[in-house]
Amino acid sequence: MLILVPLAGCSTHRAIRLRNKSLKEWGAYQWSKDKEHSAVNKTWTIYSRKVKGSKFKEFKITGKVMASPKKAVMAFQEEIVNNKSYPYKNEGSFKILSSSKDSLIVYSVHPMPFPFRDRSICKRVQISSDSESGIKKIQWTEDWVSNTEDTKGTVHMNRANGFWMFEPGGKSQSIATYVVHAEPGGNIPAWLFNSTIEKGLVKKLKRMEMIIQKMEQAALCNNDW
């Protein structure tokens with residue numbers, strides 16, 4: 001008994017250490033609030049988290065937009081197909097390789113600061129909805145199999161996935177959430193790429209609002225918004 005007691009005590013302490021270690025590791029991969037960006041009558045919140053097996057973080061920004069989920073997706077879809085105000089228009093190049101009612105194949109090139117080469121990615125974009133909750137979603141992931149473009153001079157992004165989600169948030173309003181994670185490939189430092197993604201989050205949400213406003217103004221002229 002004199003021998004078993006300390007062994008039991010050691011076993012208990014070891015179990016506690018393992019539990020604490022597991023909790024710490026689990027916590028490292030949960031969303032943490034980074035900052036808030038305030039605008040007129042609204043606040044957008046930025047979050048980030050580690051991704052297992054990756055040195056690049058996943059980012060999220062959420063805030064209100066002045067359109068229902070259905071109209072937000074309609075606006076985004078029409079603008080992207082018509083190539084008028086796509087978010088990357090002034091930050092690189094993109095080309096729609098194919099499109100259908102609820103799906104797109106998009107090839108895009110994302111500029112990187114010197115001396116790093118630009119990054120290219122081919123993505124499949126899917127649009128879905130949940131009739132019960134009213135949530136609309138625009139989701140994408142890499143799809144190099146469908147690429148038909150010349151990628152010479154660029155570095156292939158090994159991974160690029162994310163989504164826009166629009167949840168009902170009141171009359172003619174939605175809670176918009178934009179989530180993105182990417183593996184840029186090559187030797188670009190994690191801190192630089194992470195910083196680039198984070199800085200672009202507010203810009204992307206603002207552009208989403210601009211797209212919605214533009215569509216709303218056009219629709220008002222036709223009395224169908």
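Toward the positive end of the charge dipole of segment 91-225, with +1 on the Cβ of Lys and Arg and -1 on the Cβ of Asp and Glu, the farthest Cα among Leu97, Val155, Gln217 is that of Val155.
Over segment 113-225, what is the percentage of antiparallel beta bridges among all DSSP beta bridges, to the nearest 5?
Beta bridges within segment 113-225, antiparallel portion: roughly 90 percent.
Most tightly packed first, judged by the mean number of other beta-carbon atoms within 10 Å of their residues, the peptides 182-188, 112-118 read 182-188, 112-118.
Database remark: amide H of Asp118 closer than 5 angstrom to the amide H of Met112, Val155 (H placed geometrically; neighbours at sequence offset of 5 or more, or on other chains; Pro and chain starts carry no H).
Amide H contacts for Gly169 (H built 1.01 Å from N in the peptide plane; partners 5 or more residues away or on another chain; cut-off under 5 Å): Ser174, Ile175.
Mean projection of the Cα convex hull over all viewing directions, computed for segment 81-210: 8.8 nm². Stretching the chain fully between Thr151 and Asp118 yields a gain of 10.9 nm (0.36 nm per residue, less the alpha carbon separation). Accessible area per residue was computed with a 1.4 Å probe on protein heavy atoms; Ser93 scores about 60 Å².
The values are calculated or read from the model by the stated rules, or taken from the named source; none is laboratory data. Bear in mind the structure is a predicted one, so any value in this text is a computation, not a measurement. Reconstructed Cβ throughout: ideal geometry from the backbone, glycine too, with neighbour counts over all protein chains shown. Areas reflect the complete protein model, heavy atoms only, side chains present, ligands, DNA and RNA absent. Shrake-Rupley method; radii C 1.70, N 1.55, O 1.52, S 1.80 Å.
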